[in-house]
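Undergrad: Pasting in a structure now, in structure tokens, and then I'll have a few things to ask.
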Amino acid sequence: MTDAPDPRQPLLAGQPPTGTVTIYPLVGIPEVVSGDHLGSLIRSALVEAGLTLRDGDVLAVSSKIISKAQDLRGPLEDRETLVRQQSRRVVAERRTAHGTTRIVEALAGPVMAGAGIDASNTGDRDGVLLLPTDPDLAARQLYAELLTAHAPHPLPRLGIVVTDTAGRPWRDGQTDFALGACSVQVLDDLRGGVDADGRALTVTARAVADEIAAAADLVKGKAGGVPVALVRGLAVGTVSEPGAAGARSLVRTGPGDWFAQGGAEAVRAALGVPPGSPAAEEVGIASVLPEEAADRMARAVRLALHGEGAAVVDVDQQSGTTTLVVRAPDPFVAGRVCARLAVALAGERLEGVAVARSTDS
């Protein structure tokens, strides 16, 4: 009779125990410039680190080096124009100390701040880096470069996750996520199965590619100059085929998007002033900093009057009560502006402000 294996030790010599994931930073990759062959650079970094790719490995690659290799750049002074050019739609916008920040649906796919345009770690050139418009294609191209770099030897079953950094609704801080992917099962849909207690799973679907990107960032970081990490020991089936669905399939837009616009933007859009439009600039954009009630009220008045006929709004303050009085030659216009004004005030979270229509002609 033999002793039972120690659960703290690997079951096979030199191999990690079941469920252990190991992440290796690939140091020594030089500053990437336009036209560089990323597959060769990564291959050299693997050799320098003494690593040989194995079946089931995943390379997490920062989108920055792809942007540099493809020369996806723009001038810093035209950043706001670039954001508009790299966006499909504006979700929310706020004034900041540095201009206007917009949360947008980027051409690259995800909903994120500033279309993912980045002025950090841009190398020895001024300006900003743009995201590839098709990150899944960029992942497939990198896969092909790795095939070339390893020729004539065959490439193991390998996955690639192109990573980027973004904030998240209702959470402080940023984390890395999967911008693009090749040969990775990006979603582990557990619906229809059961949990550890035998109860049916009806909504659980793990965003595996995002988890890989976030884990890899623990060794890549933002200031260490490590743009690539090797992730080893993932569950069987994580690495799939090059034709599998990419990271764009994780982006939730359309009918499934419950938060297609910010709260303030939804109110303004309902009143004919969508975010990102010239009308939004004319009416005024809310600030991330605290604002005086008078400034918010003035913005609500401009919103209520936008696109309407001849009408004015006067402020009447008596006995500590603020009343906005709408005056217009056409009673119908006056009534409509009153209704719009009540909605605009609610959108600015202004309470205790009354709205009245003047009976004067």
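The values are calculated or read from the model by the stated rules, or taken from the named source; none is laboratory data. The shown structure was predicted, so the numbers you read here are calculated from the model rather than taken from an experiment. A quick note on method: Cβ atoms are made from the backbone with ideal geometry, for glycine too, and the neighbour counts reach across all protein chains shown. Note: accessible area is taken over every heavy atom of the protein model, side chains too, but ligands, DNA and RNA are not part of it. Shrake-Rupley method; radii C 1.70, N 1.55, O 1.52, S 1.80 Å.
Undergrad: Any chance you could tell me what percent of the C-alpha pair distances in segment 242-338 go past 18 Å? List each step's numbers first, then the result.
TA: Numbers: 2852 of 4656 pairs.
When every Cα pair of segment 242-338 is considered, 61 percent fall beyond 18 Å.
Undergrad: Here's a follow-up. What is the extension gain from S120 to Q318, computed as 0.36 nm multiplied by their sequence separation minus the C-alpha to C-alpha distance, in nm to one decimal?
TA: Value of the extension gain: 66.0 nm.
Undergrad: What do the square roots of 5 times the Cα gyration tensor eigenvalues come to for segment 125-191, in whole Å, largest first, as semi-axes of the equivalent ellipsoid?
TA: Values for segment 125-191, descending: 27, 20, 9 Å.
Undergrad: Quick one: angle between helix 135-150 and the longest Cα principal axis of the chain, in degrees between 0 and 90, rounded to 10, please.
TA: With both axes taken from Cα atoms, the answer is about 20 degrees.
Undergrad: Quick one: what do you get for segment 27-185 if you divide its Cα Rg by 2.2 N^0.38 Å?
TA: So segment 27-185 has a normalised radius of gyration of 1.11.
Undergrad: On average, how much accessible surface per residue is there in the chain, in Å², for a 1.4 Å probe, leaving out ligands, DNA and RNA? Don't skip to the answer; put the middle values down first.
TA: Details: 19550 Å² over 361 residues.
Per residue, the chain has 54 Å² of solvent-accessible surface.
Undergrad: Using every pair of alpha-carbon atoms in segment 108-163, split the distances into 5 Å bins beginning at 0 and state the percent of pairs per bin, rounded to integers.
TA: For segment 108-163, the pair-distance distribution reads 4, 15, 19, 17, 17, 13, 9, 4, 0.
Undergrad: Which whole-Hz ³J(HN,Hα) couplings does segment 178-186 yield from phi under the Karplus relation 6.51 cos²θ - 1.76 cosθ + 1.60, θ = phi - 60°, glycine and proline marked x?
TA: With the stated coefficients, segment 178-186 comes to 7, 7, x, 7, 9, 6, 10, 6, 5 Hz.
Undergrad: Pull up the cross-link candidates among the aspartates and glutamates for K222, meaning alpha carbon to alpha carbon under 16 Å and not fewer than 8 places away within one chain.
TA: E31, D118, D164, D176
Undergrad: Mind checking the full-extension length gain between E241 and E281? Use 0.36 nm per residue of separation minus the Cα-Cα distance, one decimal, nm.
TA: 9.7 nm
Undergrad: Still on this structure: Rounding to the nearest 10 and keeping the result within 0 to 90°, find how far the Cα-based axis of helix 38-48 lies from the longest principal axis of the chain.
TA: 50
Undergrad: OK, next. Hey, got the dipole for segment 128-268? About the Cα centre, +1 on K and R Cβ, -1 on D and E Cβ, debye to the nearest 20?
TA: It comes to approximately 60 debye.
Undergrad: Okay, moving on. How much net charge surrounds A279 when only the other residues with a Cβ under 13 Å from the Cβ of A279 are counted, with Lys and Arg +1 and Asp and Glu -1? Could the numbers behind the result be given before it?
TA: Numbers: positive: R268, R299, R302; negative: E93, E265, E281, E282, E308.
With Lys, Arg at +1 and Asp, Glu at -1, the net is -2.
Undergrad: Taking 0.36 nm per residue of sequence separation and subtracting the Cα-Cα distance, how much length would be gained by fully extending the chain between F332 and V21, in nm to one decimal? Numbers along the way, then the final one.
TA: On the way: separation 311, 0.36 × 311 = 111.96 nm, distance 6.78 nm.
Stretched fully, the F332-V21 segment lengthens by 105.2 nm.
Undergrad: Once neighbouring chains are kept in place and the probe is 1.4 Å, which whole percent of the accessible area of the chain is contributed by carbon and sulfur?
TA: That share works out to 54 percent.
Undergrad: Then there is this: Arranged from highest to lowest average of other beta-carbon atoms within 10 Å per residue, in what order do the peptides 263-273, 335-345 appear?
TA: Per-residue mean Cβ counts within 10 Å order the peptides as 335-345, 263-273.
Undergrad: Given a Förster distance of 30 Å, report the FRET efficiency between V47 and D188 from their Cβ-Cβ distance, rounded to the nearest 0.05.
TA: FRET efficiency, V47 to D188: 0.40.
Undergrad: For segment 191-304, what is Rg from Cα atoms divided by 2.2 N^0.38 Å, rounded to two decimals?
TA: Here the answer is 1.69, to two decimals.
Undergrad: In Å and whole numbers, how far do the C-alpha atoms of the chain stretch along each principal axis, longest first?
TA: Cα extents, longest axis first: 98, 55, 33 Å.
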